[in-house]
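Please read the structure below before turning to the comments.
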Amino acid sequence: MFRFEVSVEDLLRSRFALSPAMDLCLLLRSLVGQNRPLPRAWATRLRPAFERLRRETELDAALALHTPQAGPNFVAPPPRGLNQTWADDLAMIRATPLEAARREFATTATGPSARDPRVRAVLDSTDAVSRIAEAMDRAWHELLAADWPQLRAICERDVVHRVGVIGEHGWATTIDGLHPSVNSRAGGIELGFFPRDGTVRLAGDGLLLIPSAFVGNVAAQLEDPWPRTLVYPARGTAALWGEQETAGARPDALTALVGRARARLLVALDAPASTSHLARSLAMAPGAVGDHLAILRGAGLLVRARSGRSVLYRRTPLGEALVAGSG
């Protein structure tokens, strides 16, 4: 059992962030079989470009730095907040001093792939950082950039949901809801099914919480320069992957009743969301989303309420019953 020792001050300093670079690394690890398998539709779509990038760029050198448990910090630098972009991450990767990168090479590039002559030539070169950064940049643009707005919207919706839970029920309920293997217990956060045992005391620094589109269970960052970090699956990612995996399948009862687009919206509203967040997370036109929401609201399946500058939609008891009845 692994455990974070958490004080009241730690909870006050805990915060959320997004990490495009970390999700790119998790995607690459999935494509080489070191992370949760991708849905068949994703793997079929991405694998040809992935294999081409391995031939045309120094991506194999970046992949050689990943162990079965983790990867090097310099290709996934710690994010600063919820507005983190790939451009921010890439700038930090490129700014890594060569000596710092080589220290990481020495501890992470220890597997068979790191002994490949082509990979070794990159890691031993004086421009290793820039060559690996260029390979990562191409991987971002060819493998993840097109899907990132949708995935980012899912992660942002997750954060909005968690913040709402904190306000209504407190941190303990929020932590317990991150994943079935995460529990708030006796002044700490316990991680079941974690690859290492032990206890880490946060010592007033707080915990960084990162929703991810690609992490399967939970992951943690425990070493500097990262703050102590817990990475958990974002709500809605499984539904997104299931949507792509079963595209073209026979409609269920809810789809037959209200139509495919409205069924997707109704199912997606497991937590309150705005029109713009729904449009981005479901890759739908904002105007179409607004029209469908109006029809669902008129049918008594949704209600809406203003929250700050946003208007959030949520399911009514009738909407909840329809979704539950459709399985």
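No lab work stands behind these numbers, since they all come straight from the coordinates. As the structure is a computational prediction, the values presented were derived from the model and not from experiment. In this analysis, Cβ positions are derived from the backbone assuming ideal geometry, glycine residues included, and neighbour counts consider all displayed protein chains.
Per DSSP helix of 4 or more residues, -39500 (n - 2.57); summed, then divided by the residues of the chain. What does that give at 222 nm, rounded to the nearest 500?
Computed ellipticity for the chain at 222 nm equals -14500 deg cm²/dmol.
Using only the alpha-carbon atoms, how far is helix 286-298 inclined from the longest principal axis of the chain? Give it as 0 to 90 degrees, nearest 10.
Result, in degrees: 40.
Stick to Cα atoms and the Kirkwood definition of Rh, then tell me Rg/Rh for segment 1-160.
Rg divided by Rh gives 0.99.
Given labels modelled 7 Å from the Cα in the Cβ direction, how far is it in nm from residue 7 to residue 141?
Here the answer is 4.7 nm between the modelled labels.
With r as the distance between the Cβ atoms of residue 43 and residue 94 and R0 = 30 Å, compute the FRET efficiency 1/(1 + (r/R0)^6) and round to 0.05.
Computed FRET efficiency for residue 94 and residue 43 comes out at 0.50.
So, by mean Cβ neighbours within 10 angstrom, what's the order for 47-57, 152-162 with the highest one leading?
Result, highest mean Cβ count within 10 Å first: 152-162, 47-57.
Over the chain, what is the relative contact order in whole percent, taking alpha-carbon pairs under 8 Å and six or more residues apart?
RCO, the chain: 23 percent.
For segment 250-326, report the convex hull volume of the alpha-carbon atoms normalised per residue, in Å³, without decimals.
Enclosed volume per residue, from the Cα hull, is 84 Å³.
For helix 40-56, report the angle its Cα long axis makes with the longest principal axis of the Cα atoms of the chain; keep it between 0 and 90° and round to the nearest 10°.
30 degrees
As I understand it, the value is the acute angle between the Cα axis of helix 128-139 and the longest principal axis of the Cα atoms of the chain; what does it come to in degrees, rounded to 10?
With both axes taken from Cα atoms, the answer is about 30 degrees.
Can you tell me the order of 113-122, 224-233 when each peptide is scored by its average per-residue count of other Cβ atoms within 10 angstrom, highest first?
Top to bottom by mean Cβ count within 10 Å: 224-233, 113-122.
Which one, 82, 22, 67, projects farthest toward the positive side of the charge dipole computed for segment 20-147 from Cβ point charges (K/R +1, D/E -1)?
The one lying farthest along the dipole's positive direction is 67.
Rounded to the nearest 0.05, what FRET efficiency do residue 56 and residue 120 give with R0 = 22 Å and r taken as the Cβ-Cβ distance? Could you check?
Efficiency, rounded to the nearest 0.05: 0.70.
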